[in-house]
Amino acid sequence: MSEWQELDLLLGGEAEEASWQERALCAQTDPEAFFPEKGGSTREAKRVCLSCEVQDECLEYALAHDERFGIWGGLSERERRKLKKRAG
């Protein structure tokens, strides 16, 4: 078992989550773009998400943790709600 696997077991899966978050392009970008004011544009954040290698992991995290604010995995909160309704 690798050190990462051991750490992941000890932290209950949090080490793996941190790993994808560290690779996320949004971590290197203006965070305000991902949490726009009500009625504000989500275009810039979604553009960043389209070229991000961890977009799928990000969306899975947001859905699993019921994130209610911001752009996650290229989707707004409203878009994530619609996706959950279709899936459930």
Note: among Cys58, Cys52, Cys26, just one is assigned to a loop (DSSP other than H, G, I, E, B), within 11 Å of the chain's Cα centre (by Cα) and either modelled with pLDDT of 90 or more or aliphatic (A, V, I, L, M) (or both), namely Cys52
Expected output for the stretch 60-74 (first residue closer than 16 Å to Glu44 by Cα and buried (at least 17 other Cβ atoms within 10 Å of the Cβ), partner at pLDDT 95 or above and acidic (Asp, Glu), Cβ below 7 Å, 6+ apart or cross-chain) is Gly73/Asp56
Scanning the stretch 1-23 for residues that are among the hydroxyl-bearing types (Ser, Thr, Tyr) and modelled with pLDDT under 55 gives Ser2
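The values are calculated or read from the model by the stated rules, or taken from the named source; none is laboratory data. Please read these numbers as outputs of a predicted model, since none were measured by experiment. Note: ideal-geometry Cβ built from the backbone for every residue, glycine included; neighbour counts use all protein chains shown.
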